[in-house]
Each structure stands twice: as C-alpha cells, then as structure tokens.
1. Identify, by number, the condition in (1) surrounded by 19 or more Cβ atoms within 10 Å (Cβ to Cβ); (2) modelled with pLDDT of 95 or more; (3) assigned to a strand (DSSP E or B); (4) not basic (Lys, Arg) that PRO51 doesn't meet.
2. Could you pull out every one of the strands (runs of 3 or more DSSP E) wholly within segment 75-131 that has 1 or more residues that are of a type outside the set (Val, Ile, Thr) and more than 22 Å from GLY61 (Cβ to Cβ)?
3. Test LEU161 against the stated conditions and say whether it is among the hydrophobic types (A, V, I, L, M, F, W, C), closer than 18 Å to LEU41 by Cα and open to solvent by less than 50 Å² (accessible area, probe 1.4 Å).
4. Here is a check on your reading of the model: is ASP56 in contact (Cβ under 8 Å) with a residue 24 or more places away in the chain, more than 21 Å from PHE138 (Cβ to Cβ) and in contact with a Lys or Arg (Cβ under 8 Å, 6 or more places away or on another chain)?
5. Can you report the number of residues in segment 85-117 which are in contact with a strand residue (DSSP E or B) (Cβ under 8 Å, 6 or more places away or on another chain), modelled with pLDDT of 95 or more and open to solvent by 50 Å² or more (accessible area, probe 1.4 Å)?
6. ARG76: basic (Lys, Arg), over 12 Å from the mean Cα position of the chain (by Cα) and surrounded by 15 or more Cβ atoms within 10 Å (Cβ to Cβ), yes or no?
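The values are calculated or read from the model by the stated rules, or taken from the named source; none is laboratory data. Here the structure is a predicted model, which is why all the values come from computation and not from measurement. Quick reminder, even Gly has a Cβ in these numbers, built from the backbone with ideal geometry, and neighbours come from all protein chains shown. Surface areas here come from the heavy atoms of the whole protein model, side chains and all, with no ligands, DNA or RNA. Shrake-Rupley method; radii C 1.70, N 1.55, O 1.52, S 1.80 Å.
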Amino acid sequence: ASNRRERPSEEWVAEFTLSRVFDAPRDMMFRIWTDPQYVRLWWGLDGTTNPVCELDVRVGGSWRIDMRLANGTVYRNGGEYLEVVENERLVSTDIPGAALPGGIDGSRRNTVTFADQGNGTLVTLRVQFRSAEAHAFFLQAGMKNGMGQSLERLARLLPTLA
C-alpha cells in the first residue's frame, strides 16, 4: 500500500510556516499529532475545547475536529490525509466547514514534519493556500497566531504526559 496520494492538478500559490522544538522524542510527537485522545487536548485556540476529534490517520483517511469557543460557537474543521510517513511527515487537506466571503476557496494543504533536534523534536507546520486572497483572508482572521497558540498548548501539555 502506498503512503502517499498524489493530486497533480492541485496548485498551491501561497503559504506560511511555523516551527518549534519540543522537548520530546520524535515518535512521541508523532503520536501526539495522530492520536485523538491527545490532539483534543491541545488543538485550537487558547480557551477552546474540541468536543469532536476523529482522526483516521492513513492515506485517504479523513479527519474532523470541531473547535468550540468559550462563547459556544463551534467551528468544524476537517479534511483528508494525503501522505502519512510514521514519525516523519503528515500531509492533509483542510476544508473549512463554512463558506468564505466572496467565494474564496478556503481549502488548504497542511504538511507537518518531525525531525530530531538535540534531545527533542523540531516540528514544522507548512500551510499552503490556493490563492493569495485565501492566504490574506486567513492571516487577517488570525490563523497563523491561532496555530501558534495550538503549538504553545502542546508545549504546555508535554510535561503532563511524561
């Protein structure tokens, strides 16, 4: 079985990247990104919960995370895994649960890589967009900051898992 699903017709024209070193081995970091019991604890903005966290981590498998804000608003997130290389790389689509203004295509491709860095793991998250408009929309909406909050939540969670 292949661990990669190719979609040659897809074009990604804009992106941003976040990187952080975590004080944990690569296999542990990969598990924390692929096991719903852990992902639900750190994924999303500060102060949010994830009442739905379903991950079918295999090529062609789907994922869904519903992020609930403190005010009760729920944002549905989901997509499909395109590539899964254990302890090294995850590539998935991310399709917004709601239409974006002006008919902007909000679908994205997320690539997460895991690399040894000293005694820890360098995690790099690359988010790619189909248009400059989508890139600008999500940056304006605070997506990069929000993903940074997720990584901070993950860093705070790690000591409790040891």
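1. (1)
2. Values: elements: 89-96, 108-117, 120-129.
Passing ranges, in order: 108-117, 120-129.
3. Values: among the hydrophobic types (A, V, I, L, M, F, W, C): yes; closer than 18 Å to LEU41 by Cα: yes; open to solvent by less than 50 Å² (accessible area, probe 1.4 Å): no.
No: the conditions fail for LEU161.
4. In short, no.
5. Result for segment 85-117: 5.
6. Numbers: basic (Lys, Arg): yes; over 12 Å from the mean Cα position of the chain (by Cα): yes; surrounded by 15 or more Cβ atoms within 10 Å (Cβ to Cβ): no.
When the stated conditions are applied, ARG76 does not pass them.
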